[in-house]
Amino acid sequence: SSVVLQSSNSLKASYEDWLLTYGLSVSPFHMRWQTALFNRQFYNWGRWKPRFLYLWFSIGMVFGIVAMFGSVILLGKTLMQTLTQMLTETPKAQNDRMLQVVVSGLSPGLYLSVLILTRFLMESVPGVNLPVSQLTYFFSAILISGVIHEVGHGVAAIREQVRFNGFGIFIFIVYPGAFVDLFTTHLQLISPVQQLRIFCAGVWHNFVLGVASFIVLFLLPAILFPFYYTGVGALVTEVAEDSPANGPRGLFVGDLVTNLQDCPVYSVEDWNSCLGDISEKSQVGYCVSAATLQQLSFPARVYRRLDGTVECCSNNSLTDICFSYSNNLDSHLYACLPARKVIEASKVCRTNMDCQKDSVPSFCVTPSLENQTRLIRVKHPPHIDMLYVGHPMHLQYTVSLSSFVPRQNFLSIDLPVIIETFCKYVISLSGALAVINAVPCFALDGQWILNSFLEATLSSLIVEKQNRELVGFLILLAGSALLAANVALGLWMVTAR
(Lines give C-alpha, C1' and ligand atoms only; values in the text may rest on other atoms or scores of the structure.)
Protein backbone atom coordinates (compact mmCIF):
# COMPACT_ATOMS: atom_id res chain seq x y z
CA SER A 1 0.00 0.00 0.00
CA SER A 2 2.92 2.33 0.68
CA VAL A 3 4.12 2.03 -2.94
CA VAL A 4 0.63 2.93 -4.25
CA LEU A 5 0.32 5.93 -1.93
CA GLN A 6 3.76 7.26 -2.80
CA SER A 7 3.03 7.07 -6.52
CA SER A 8 0.17 9.58 -6.12
CA ASN A 9 1.55 13.15 -6.10
CA SER A 10 -1.46 14.56 -4.22
CA LEU A 11 -1.14 12.08 -1.37
CA LYS A 12 2.64 11.70 -1.30
CA ALA A 13 3.48 14.78 0.80
CA SER A 14 0.81 14.20 3.45
CA TYR A 15 1.63 10.47 3.60
CA GLU A 16 5.36 11.14 4.12
CA ASP A 17 4.55 13.75 6.79
CA TRP A 18 2.33 11.24 8.59
CA LEU A 19 5.09 8.59 8.47
CA LEU A 20 7.63 11.12 9.75
CA THR A 21 5.35 12.18 12.63
CA TYR A 22 5.07 8.61 13.88
CA GLY A 23 8.69 7.67 13.13
CA LEU A 24 7.64 5.15 10.49
CA SER A 25 9.59 4.24 7.37
CA VAL A 26 8.04 1.94 4.76
CA SER A 27 9.68 0.46 1.66
CA PRO A 28 9.23 -2.81 -0.26
CA PHE A 29 9.99 -5.80 2.04
CA HIS A 30 11.05 -3.46 4.86
CA MET A 31 9.15 -1.47 7.49
CA ARG A 32 10.67 0.24 10.50
CA TRP A 33 9.59 2.39 13.42
CA GLN A 34 11.94 4.68 15.35
CA THR A 35 11.17 6.56 18.55
CA ALA A 36 12.80 8.71 21.22
CA LEU A 37 10.32 7.44 23.86
CA PHE A 38 12.92 5.16 25.45
CA ASN A 39 15.85 7.63 25.38
CA ARG A 40 15.46 8.58 29.04
CA GLN A 41 15.46 4.88 30.03
CA PHE A 42 18.59 4.22 27.93
CA TYR A 43 20.37 7.20 29.54
CA ASN A 44 19.38 5.90 33.01
CA TRP A 45 20.87 2.49 32.18
CA GLY A 46 24.02 4.03 30.62
CA ARG A 47 24.73 6.16 33.72
CA TRP A 48 23.96 3.41 36.27
CA LYS A 49 27.04 2.31 38.27
CA PRO A 50 29.76 3.58 35.85
CA ARG A 51 32.50 1.34 37.31
CA PHE A 52 30.39 -1.79 36.98
CA LEU A 53 29.41 -0.88 33.41
CA TYR A 54 33.07 -0.19 32.55
CA LEU A 55 34.00 -3.68 33.78
CA TRP A 56 30.89 -5.25 32.16
CA PHE A 57 31.58 -3.84 28.69
CA SER A 58 35.34 -4.45 29.01
CA ILE A 59 34.60 -8.15 29.54
CA GLY A 60 32.23 -7.86 26.59
CA MET A 61 35.03 -6.35 24.50
CA VAL A 62 37.33 -9.32 25.25
CA PHE A 63 34.48 -11.71 24.47
CA GLY A 64 33.73 -9.92 21.18
CA ILE A 65 37.36 -10.13 20.01
CA VAL A 66 37.57 -13.84 20.96
CA ALA A 67 34.21 -14.44 19.26
CA MET A 68 35.49 -12.76 16.09
CA PHE A 69 38.40 -15.21 15.80
CA GLY A 70 36.28 -18.12 17.06
CA SER A 71 33.53 -17.48 14.50
CA VAL A 72 36.05 -17.70 11.65
CA ILE A 73 37.32 -21.06 12.97
CA LEU A 74 33.75 -22.31 13.44
CA LEU A 75 32.67 -21.26 9.93
CA GLY A 76 35.83 -22.78 8.48
CA LYS A 77 35.14 -26.12 10.20
CA THR A 78 31.46 -26.03 9.16
CA LEU A 79 32.44 -25.35 5.54
CA MET A 80 34.91 -28.26 5.54
CA GLN A 81 32.29 -30.60 7.06
CA THR A 82 29.71 -29.54 4.46
CA LEU A 83 32.16 -30.05 1.59
CA THR A 84 33.14 -33.47 2.96
CA GLN A 85 29.48 -34.41 3.19
CA MET A 86 28.88 -33.30 -0.39
CA LEU A 87 31.86 -35.23 -1.75
CA THR A 88 31.25 -38.51 0.06
CA GLU A 89 29.05 -41.10 -1.62
CA THR A 90 27.11 -41.91 1.58
CA PRO A 91 26.63 -38.72 3.61
CA LYS A 92 25.69 -39.05 7.28
CA ALA A 93 22.01 -39.05 8.13
CA GLN A 94 20.52 -35.57 8.23
CA ASN A 95 19.49 -35.85 11.86
CA ASP A 96 23.04 -36.73 12.94
CA ARG A 97 24.39 -33.31 12.14
CA MET A 98 21.63 -30.91 11.23
CA LEU A 99 22.73 -27.35 10.60
CA GLN A 100 20.08 -25.25 8.92
CA VAL A 101 20.92 -21.75 7.75
CA VAL A 102 18.32 -19.00 7.71
CA VAL A 103 19.04 -15.52 6.39
CA SER A 104 17.20 -12.68 8.05
CA GLY A 105 17.47 -8.91 8.21
CA LEU A 106 18.06 -7.96 11.81
CA SER A 107 19.15 -4.37 11.29
CA PRO A 108 18.13 -1.41 9.15
CA GLY A 109 18.90 -1.25 5.44
CA LEU A 110 20.81 -4.23 4.05
CA TYR A 111 22.14 -5.41 7.42
CA LEU A 112 22.02 -9.21 7.20
CA SER A 113 22.56 -11.77 9.91
CA VAL A 114 22.78 -15.50 9.42
CA LEU A 115 21.08 -17.50 12.15
CA ILE A 116 22.29 -21.08 12.50
CA LEU A 117 19.56 -23.24 14.04
CA THR A 118 20.92 -26.16 16.05
CA ARG A 119 19.62 -29.69 16.05
CA PHE A 120 16.85 -29.35 18.62
CA LEU A 121 14.91 -27.13 16.18
CA MET A 122 14.72 -30.11 13.86
CA GLU A 123 13.86 -32.75 16.48
CA SER A 124 10.19 -31.79 16.58
CA VAL A 125 9.59 -32.93 13.00
CA PRO A 126 11.34 -35.30 10.58
CA GLY A 127 13.16 -33.62 7.72
CA VAL A 128 14.10 -29.96 7.67
CA ASN A 129 10.87 -27.98 7.92
CA LEU A 130 10.20 -25.64 10.83
CA PRO A 131 6.75 -26.63 12.14
CA VAL A 132 4.07 -23.93 11.84
CA SER A 133 3.25 -24.43 15.53
CA GLN A 134 6.82 -23.33 16.39
CA LEU A 135 6.83 -20.07 14.38
CA THR A 136 5.64 -17.99 17.37
CA TYR A 137 8.63 -19.17 19.40
CA PHE A 138 10.94 -18.61 16.43
CA PHE A 139 9.93 -15.01 15.72
CA SER A 140 9.61 -14.07 19.43
CA ALA A 141 13.12 -15.39 20.09
CA ILE A 142 14.50 -13.47 17.07
CA LEU A 143 12.85 -10.22 18.24
CA ILE A 144 14.01 -10.57 21.87
CA SER A 145 17.55 -11.53 20.77
CA GLY A 146 17.60 -8.49 18.43
CA VAL A 147 16.30 -6.11 21.12
CA ILE A 148 18.82 -7.32 23.74
CA HIS A 149 21.59 -7.04 21.13
CA GLU A 150 20.73 -3.42 20.35
CA VAL A 151 20.21 -2.50 24.02
CA GLY A 152 23.83 -3.63 24.51
CA HIS A 153 25.05 -1.23 21.80
CA GLY A 154 22.88 1.63 23.10
CA VAL A 155 23.85 1.38 26.78
CA ALA A 156 27.57 0.95 25.91
CA ALA A 157 27.41 4.02 23.64
CA ILE A 158 25.90 6.19 26.40
CA ARG A 159 28.53 4.83 28.83
CA GLU A 160 31.21 6.06 26.39
CA GLN A 161 29.56 9.52 26.05
CA VAL A 162 28.22 8.94 22.52
CA ARG A 163 24.93 10.71 21.79
CA PHE A 164 21.93 8.38 21.58
CA ASN A 165 19.27 9.49 19.07
CA GLY A 166 16.67 6.74 19.37
CA PHE A 167 15.63 3.10 19.39
CA GLY A 168 13.52 1.29 16.81
CA ILE A 169 11.92 -1.94 15.67
CA PHE A 170 11.60 -3.17 12.10
CA ILE A 171 10.28 -6.02 9.97
CA PHE A 172 12.41 -7.16 7.03
CA ILE A 173 10.25 -9.41 4.78
CA VAL A 174 8.78 -11.41 7.72
CA TYR A 175 11.69 -11.26 10.16
CA PRO A 176 11.42 -8.85 13.12
CA GLY A 177 14.41 -7.00 14.57
CA ALA A 178 15.61 -3.91 16.42
CA PHE A 179 18.15 -1.09 15.98
CA VAL A 180 19.63 1.91 17.78
CA ASP A 181 20.44 5.27 16.18
CA LEU A 182 23.78 6.70 17.42
CA PHE A 183 25.45 10.02 16.56
CA THR A 184 28.13 8.91 14.05
CA THR A 185 30.45 11.93 14.61
CA HIS A 186 30.76 11.10 18.33
CA LEU A 187 31.49 7.46 17.45
CA GLN A 188 34.37 8.50 15.18
CA LEU A 189 35.90 10.83 17.79
CA ILE A 190 36.29 8.31 20.63
CA SER A 191 39.30 5.95 20.94
CA PRO A 192 39.41 2.54 19.18
CA VAL A 193 39.15 0.75 22.57
CA GLN A 194 36.00 2.74 23.44
CA GLN A 195 34.60 1.88 20.00
CA LEU A 196 35.35 -1.79 20.65
CA ARG A 197 33.32 -1.70 23.88
CA ILE A 198 30.34 -0.36 21.91
CA PHE A 199 30.67 -2.65 18.88
CA CYS A 200 31.24 -5.80 21.00
CA ALA A 201 28.33 -5.03 23.35
CA GLY A 202 25.73 -6.53 21.01
CA VAL A 203 27.31 -9.99 20.67
CA TRP A 204 28.21 -9.89 24.38
CA HIS A 205 24.58 -9.28 25.38
CA ASN A 206 23.42 -12.06 23.06
CA PHE A 207 25.88 -14.44 24.70
CA VAL A 208 24.69 -13.41 28.19
CA LEU A 209 21.04 -13.86 27.12
CA GLY A 210 21.85 -17.34 25.81
CA VAL A 211 23.61 -18.29 29.07
CA ALA A 212 20.73 -16.87 31.17
CA SER A 213 18.20 -18.89 29.13
CA PHE A 214 20.33 -22.02 29.57
CA ILE A 215 20.40 -21.50 33.36
CA VAL A 216 16.58 -21.07 33.42
CA LEU A 217 16.22 -24.25 31.33
CA PHE A 218 18.60 -26.18 33.61
CA LEU A 219 16.91 -24.95 36.81
CA LEU A 220 13.33 -25.26 35.49
CA PRO A 221 12.47 -28.36 37.59
CA ALA A 222 13.56 -26.43 40.74
CA ILE A 223 11.80 -23.20 39.63
CA LEU A 224 8.51 -25.03 38.95
CA PHE A 225 8.86 -27.47 41.88
CA PRO A 226 6.02 -25.91 43.95
CA PHE A 227 3.61 -26.47 41.05
CA TYR A 228 4.96 -29.44 39.06
CA TYR A 229 6.90 -32.56 39.96
CA THR A 230 9.32 -34.47 37.73
CA GLY A 231 11.03 -37.87 37.54
CA VAL A 232 7.83 -39.97 37.51
CA GLY A 233 7.34 -40.45 33.76
CA ALA A 234 6.61 -38.62 30.50
CA LEU A 235 3.26 -36.81 30.42
CA VAL A 236 1.41 -36.88 27.08
CA THR A 237 0.54 -33.29 26.05
CA GLU A 238 -0.55 -33.90 22.44
CA VAL A 239 -1.22 -36.83 20.08
CA ALA A 240 -1.26 -35.98 16.36
CA GLU A 241 -4.38 -36.98 14.43
CA ASP A 242 -2.39 -39.22 12.09
CA SER A 243 -0.42 -40.77 14.95
CA PRO A 244 -0.43 -44.57 15.26
CA ALA A 245 -0.84 -43.90 19.01
CA ASN A 246 -4.27 -42.36 18.31
CA GLY A 247 -7.28 -44.58 19.06
CA PRO A 248 -9.27 -46.23 21.85
CA ARG A 249 -6.32 -48.44 22.89
CA GLY A 250 -3.75 -45.69 22.29
CA LEU A 251 -2.40 -42.72 24.25
CA PHE A 252 -4.46 -39.75 25.46
CA VAL A 253 -3.54 -36.24 26.63
CA GLY A 254 -2.80 -36.49 30.36
CA ASP A 255 -1.51 -40.10 30.24
CA LEU A 256 1.76 -40.77 32.06
CA VAL A 257 4.12 -43.11 30.18
CA THR A 258 6.33 -45.10 32.58
CA ASN A 259 7.86 -47.84 30.38
CA LEU A 260 8.69 -48.66 26.77
CA GLN A 261 9.25 -52.46 26.68
CA ASP A 262 11.61 -53.06 29.63
CA CYS A 263 13.07 -49.54 29.36
CA PRO A 264 11.92 -47.31 32.28
CA VAL A 265 10.73 -43.79 31.37
CA TYR A 266 11.18 -41.05 33.99
CA SER A 267 11.32 -38.05 31.61
CA VAL A 268 11.02 -36.99 27.96
CA GLU A 269 14.77 -37.59 27.57
CA ASP A 270 14.24 -41.21 28.67
CA TRP A 271 11.35 -41.58 26.18
CA ASN A 272 13.61 -40.39 23.34
CA SER A 273 16.60 -42.51 24.37
CA CYS A 274 14.43 -45.62 24.90
CA LEU A 275 12.92 -45.24 21.42
CA GLY A 276 16.41 -44.71 20.01
CA ASP A 277 17.66 -47.92 21.66
CA ILE A 278 14.60 -49.87 20.48
CA SER A 279 15.12 -48.76 16.86
CA GLU A 280 18.86 -49.58 16.93
CA LYS A 281 18.63 -52.96 18.67
CA SER A 282 16.89 -56.08 17.35
CA GLN A 283 13.29 -56.80 18.35
CA VAL A 284 12.90 -58.22 21.88
CA GLY A 285 10.92 -61.40 22.52
CA TYR A 286 8.43 -62.46 25.17
CA CYS A 287 8.44 -65.53 27.41
CA VAL A 288 5.44 -67.73 26.56
CA SER A 289 4.77 -71.18 28.08
CA ALA A 290 4.70 -74.15 25.71
CA ALA A 291 1.08 -74.88 26.71
CA THR A 292 -0.06 -71.31 25.93
CA LEU A 293 1.83 -71.39 22.63
CA GLN A 294 0.09 -74.61 21.63
CA GLN A 295 -3.32 -73.32 22.73
CA LEU A 296 -3.14 -69.92 20.96
CA SER A 297 -1.32 -70.70 17.73
CA PHE A 298 -3.17 -71.78 14.64
CA PRO A 299 -1.67 -73.21 11.41
CA ALA A 300 -0.82 -70.64 8.75
CA ARG A 301 1.17 -70.51 5.54
CA VAL A 302 4.70 -69.12 5.94
CA TYR A 303 6.14 -66.82 3.26
CA ARG A 304 9.04 -64.41 2.95
CA ARG A 305 8.65 -60.69 2.45
CA LEU A 306 10.75 -58.73 -0.04
CA ASP A 307 13.25 -57.73 2.67
CA GLY A 308 13.82 -61.38 3.64
CA THR A 309 11.75 -61.36 6.84
CA VAL A 310 9.05 -63.99 7.41
CA GLU A 311 5.26 -63.50 7.59
CA CYS A 312 2.96 -66.29 8.80
CA CYS A 313 -0.34 -64.45 9.44
CA SER A 314 -2.44 -64.49 6.29
CA ASN A 315 -5.83 -63.71 7.87
CA ASN A 316 -5.47 -59.87 7.61
CA SER A 317 -6.16 -59.60 11.34
CA LEU A 318 -5.25 -56.37 13.14
CA THR A 319 -4.75 -58.25 16.42
CA ASP A 320 -2.59 -61.21 15.30
CA ILE A 321 1.16 -61.06 14.68
CA CYS A 322 3.62 -63.63 13.35
CA PHE A 323 6.08 -64.74 16.04
CA SER A 324 9.28 -66.74 15.54
CA TYR A 325 10.82 -69.07 18.14
CA SER A 326 13.04 -72.10 18.48
CA ASN A 327 12.81 -75.33 20.44
CA ASN A 328 15.49 -77.94 21.02
CA LEU A 329 14.89 -79.54 17.61
CA ASP A 330 14.17 -76.65 15.23
CA SER A 331 15.52 -73.09 15.36
CA HIS A 332 13.07 -71.65 12.78
CA LEU A 333 9.53 -72.15 14.00
CA TYR A 334 6.74 -69.63 13.33
CA ALA A 335 3.33 -69.13 14.89
CA CYS A 336 0.53 -66.64 14.22
CA LEU A 337 -0.59 -65.46 17.67
CA PRO A 338 -2.96 -62.84 19.14
CA ALA A 339 -0.42 -60.19 20.16
CA ARG A 340 -2.10 -58.85 23.30
CA LYS A 341 -2.68 -62.29 24.86
CA VAL A 342 0.96 -63.24 24.24
CA ILE A 343 2.52 -60.04 25.50
CA GLU A 344 0.35 -59.10 28.49
CA ALA A 345 1.94 -60.20 31.75
CA SER A 346 4.89 -61.70 29.82
CA LYS A 347 8.46 -60.75 30.61
CA VAL A 348 10.81 -59.70 27.81
CA CYS A 349 13.63 -61.96 26.63
CA ARG A 350 16.35 -62.33 24.02
CA THR A 351 16.84 -66.12 24.10
CA ASN A 352 15.12 -69.20 25.54
CA MET A 353 17.68 -69.10 28.37
CA ASP A 354 16.03 -65.92 29.69
CA CYS A 355 12.79 -67.91 30.16
CA GLN A 356 14.32 -70.93 31.93
CA LYS A 357 13.76 -69.43 35.39
CA ASP A 358 10.05 -70.20 35.08
CA SER A 359 8.92 -73.53 36.56
CA VAL A 360 6.87 -74.33 33.43
CA PRO A 361 8.67 -74.93 30.10
CA SER A 362 8.68 -71.63 28.15
CA PHE A 363 9.98 -70.30 24.87
CA CYS A 364 11.19 -66.84 23.87
CA VAL A 365 8.86 -65.84 21.02
CA THR A 366 9.92 -62.82 18.93
CA PRO A 367 7.63 -60.81 16.62
CA SER A 368 8.63 -61.50 13.02
CA LEU A 369 8.33 -58.03 11.52
CA GLU A 370 9.84 -56.03 8.66
CA ASN A 371 13.41 -54.85 9.27
CA GLN A 372 12.69 -51.31 10.57
CA THR A 373 9.37 -52.19 12.23
CA ARG A 374 9.12 -52.90 15.95
CA LEU A 375 6.43 -54.13 18.31
CA ILE A 376 6.60 -51.85 21.35
CA ARG A 377 4.69 -52.28 24.61
CA VAL A 378 3.96 -48.85 26.10
CA LYS A 379 2.98 -48.78 29.77
CA HIS A 380 0.77 -45.87 30.85
CA PRO A 381 -0.97 -46.98 34.09
CA PRO A 382 -3.73 -47.29 35.14
CA HIS A 383 -4.70 -47.87 31.48
CA ILE A 384 -4.17 -51.11 29.58
CA ASP A 385 -0.74 -51.28 27.84
CA MET A 386 -0.61 -49.83 24.34
CA LEU A 387 0.85 -52.17 21.72
CA TYR A 388 2.47 -50.25 18.88
CA VAL A 389 3.63 -51.82 15.62
CA GLY A 390 5.65 -49.56 13.32
CA HIS A 391 8.82 -47.50 13.09
CA PRO A 392 9.82 -46.17 16.55
CA MET A 393 10.58 -42.70 15.13
CA HIS A 394 6.99 -42.37 13.85
CA LEU A 395 5.82 -42.73 17.44
CA GLN A 396 8.40 -40.17 18.58
CA TYR A 397 7.38 -37.57 16.00
CA THR A 398 3.62 -37.82 16.49
CA VAL A 399 3.40 -37.81 20.31
CA SER A 400 4.34 -34.67 22.31
CA LEU A 401 5.34 -35.15 25.94
CA SER A 402 6.46 -33.23 29.00
CA SER A 403 8.61 -34.23 31.97
CA PHE A 404 6.51 -31.96 34.24
CA VAL A 405 3.41 -33.36 35.97
CA PRO A 406 1.03 -30.75 37.54
CA ARG A 407 0.49 -31.04 41.30
CA GLN A 408 -3.03 -29.60 40.92
CA ASN A 409 -5.64 -30.29 38.23
CA PHE A 410 -6.15 -26.60 37.40
CA LEU A 411 -2.48 -26.15 36.40
CA SER A 412 -1.72 -26.16 32.66
CA ILE A 413 0.18 -29.17 31.32
CA ASP A 414 1.48 -26.97 28.48
CA LEU A 415 3.12 -24.16 30.53
CA PRO A 416 6.41 -25.99 31.30
CA VAL A 417 6.64 -27.07 27.64
CA ILE A 418 6.12 -23.46 26.49
CA ILE A 419 8.87 -22.17 28.83
CA GLU A 420 11.19 -25.05 27.88
CA THR A 421 10.70 -24.61 24.12
CA PHE A 422 11.05 -20.82 24.29
CA CYS A 423 14.30 -21.10 26.28
CA LYS A 424 15.69 -23.54 23.69
CA TYR A 425 14.86 -21.16 20.84
CA VAL A 426 16.44 -18.19 22.66
CA ILE A 427 19.61 -20.21 23.43
CA SER A 428 19.88 -21.27 19.80
CA LEU A 429 19.03 -17.98 18.08
CA SER A 430 20.74 -15.62 20.52
CA GLY A 431 23.85 -17.82 20.55
CA ALA A 432 23.87 -17.96 16.75
CA LEU A 433 23.41 -14.19 16.56
CA ALA A 434 26.40 -13.72 18.91
CA VAL A 435 28.65 -15.99 16.84
CA ILE A 436 27.60 -14.89 13.36
CA ASN A 437 27.53 -11.16 14.12
CA ALA A 438 31.15 -11.42 15.28
CA VAL A 439 32.29 -12.69 11.84
CA PRO A 440 34.59 -10.11 10.16
CA CYS A 441 32.17 -9.55 7.28
CA PHE A 442 30.76 -6.47 5.54
CA ALA A 443 27.56 -5.09 7.17
CA LEU A 444 27.89 -7.20 10.34
CA ASP A 445 29.17 -6.06 13.76
CA GLY A 446 32.36 -7.98 12.93
CA GLN A 447 33.26 -5.31 10.35
CA TRP A 448 33.36 -2.56 12.99
CA ILE A 449 34.93 -4.83 15.63
CA LEU A 450 37.73 -5.70 13.18
CA ASN A 451 38.34 -2.09 12.10
CA SER A 452 38.55 -0.85 15.71
CA PHE A 453 40.70 -3.86 16.71
CA LEU A 454 43.19 -3.15 13.90
CA GLU A 455 43.28 0.56 14.86
CA ALA A 456 43.95 -0.39 18.49
CA THR A 457 46.68 -2.97 17.75
CA LEU A 458 48.38 -2.07 14.43
CA SER A 459 48.83 1.71 14.82
CA SER A 460 52.51 1.31 15.79
CA LEU A 461 53.24 -1.53 13.34
CA ILE A 462 51.51 -0.06 10.27
CA VAL A 463 51.83 3.71 10.57
CA GLU A 464 49.87 4.64 7.43
CA LYS A 465 46.10 4.60 8.13
CA GLN A 466 45.46 3.80 4.46
CA ASN A 467 47.52 0.60 4.75
CA ARG A 468 45.68 -0.43 7.93
CA GLU A 469 42.38 0.07 6.11
CA LEU A 470 43.65 -2.08 3.22
CA VAL A 471 44.54 -4.92 5.63
CA GLY A 472 41.08 -4.60 7.18
CA PHE A 473 39.41 -4.60 3.74
CA LEU A 474 41.22 -7.81 2.67
CA ILE A 475 40.28 -9.59 5.92
CA LEU A 476 36.65 -8.46 5.52
CA LEU A 477 36.65 -9.72 1.94
CA ALA A 478 37.88 -13.15 3.10
CA GLY A 479 35.39 -13.24 6.00
CA SER A 480 32.49 -12.27 3.71
CA ALA A 481 33.48 -14.97 1.20
CA LEU A 482 33.66 -17.57 4.00
CA LEU A 483 30.22 -16.60 5.32
CA ALA A 484 28.71 -16.49 1.81
CA ALA A 485 30.14 -19.96 1.03
CA ASN A 486 28.61 -21.34 4.26
CA VAL A 487 25.21 -19.81 3.48
CA ALA A 488 25.21 -20.98 -0.14
CA LEU A 489 26.33 -24.55 0.63
CA GLY A 490 24.12 -24.74 3.73
CA LEU A 491 21.02 -23.74 1.77
CA TRP A 492 21.99 -26.10 -1.06
CA MET A 493 22.34 -29.00 1.40
CA VAL A 494 18.93 -28.22 2.92
CA THR A 495 17.08 -27.85 -0.41
CA ALA A 496 18.87 -30.59 -2.38
CA ARG A 497 17.77 -33.41 -0.06
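The values are calculated or read from the model by the stated rules, or taken from the named source; none is laboratory data. Please read all numbers here as calculations on a predicted model, not as lab measurements. Using ideal geometry, Cβ is built from the backbone for each residue, glycine included, and neighbour counts are taken over all protein chains shown. Note: accessible area is taken over every heavy atom of the protein model, side chains too, but ligands, DNA and RNA are not part of it. Shrake-Rupley method; radii C 1.70, N 1.55, O 1.52, S 1.80 Å.
With +1 assigned to the C-beta of every Lys and Arg and -1 to the C-beta of every Asp and Glu, and no other charges, what is the dipole magnitude of the chain about the Cα centre in debye, to the nearest 20?
740
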### In the range 166-254, chymotrypsin sites (Phe, Trp or Tyr not before Pro) in a DSSP loop with at most 15 other beta-carbon atoms within 10 Å
183, 227, 252
### Message
Within 10 Å of each candidate Cβ there may be at most 12 other Cβ atoms; applying that plus a DSSP loop requirement, which chymotrypsin sites (Phe, Trp or Tyr not before Pro) in the range 319-422 survive?
### Response
410
### Task
Go through the range 397-483 and name the trypsin sites (Lys or Arg not before Pro) that are in a DSSP coil and have 16 or fewer other Cβ atoms within 10 Å of their Cβ.
407
### Task
Could you tell me what percent of the accessible area of the chain is made up of carbon and sulfur, with a 1.4 Å probe and every protein chain present?
62
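Can you tell me how much longer the chain between residue 414 and residue 354 gets when fully stretched, taken as 0.36 nm per residue apart minus their C-alpha distance, in nm with one decimal?
Values: separation 60, 0.36 × 60 = 21.60 nm, distance 4.16 nm.
In short, 17.4 nm is gained.
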### Query
Net charge near residue 136, counting Lys/Arg +1 and Asp/Glu -1 over other residues with Cβ under 15 Å of its Cβ?
-1
### Query
the chain: longest stretch without exposed GluC sites (Glu not before Pro) (DSSP loop, at most 14 other Cβ within 10 Å), sites themselves excluded?
90-240
### Query
How far apart, in nm, are two points set 7 Å out from the Cα along the Cα-to-Cβ line at residue 165 and at residue 319?
7.7
### Task
Report the FRET efficiency, 1/(1 + (r/R0)^6), for residue 36 and residue 280, where r is their Cβ-Cβ distance and R0 is 56 Å, rounded to 0.05.
0.40
### Of 49/424; 347/379; 77/465, those spanning more than 24 Å from alpha-carbon to alpha-carbon
49/424; 77/465
### Summary
With +1 on the Cβ of every Lys and Arg and -1 on the Cβ of every Asp and Glu, the dipole magnitude of the range 292-365 about its Cα centre, in debye rounded to the nearest 20, is 60
### Summary
Charge dipole of the chain built from unit charges on the beta carbon (Lys, Arg +1; Asp, Glu -1), centred at mean Cα; most positive-end Cα among 351, 413, 318 is 413
### Length gained when the stretch residue 45-residue 133 is fully extended (0.36 nm per residue, less Cα-Cα span)
28.1 nm
### Task
Would you mind working out the accessible area per residue for the chain, using a 1.4 Å probe, and quoting it in Å²?
53
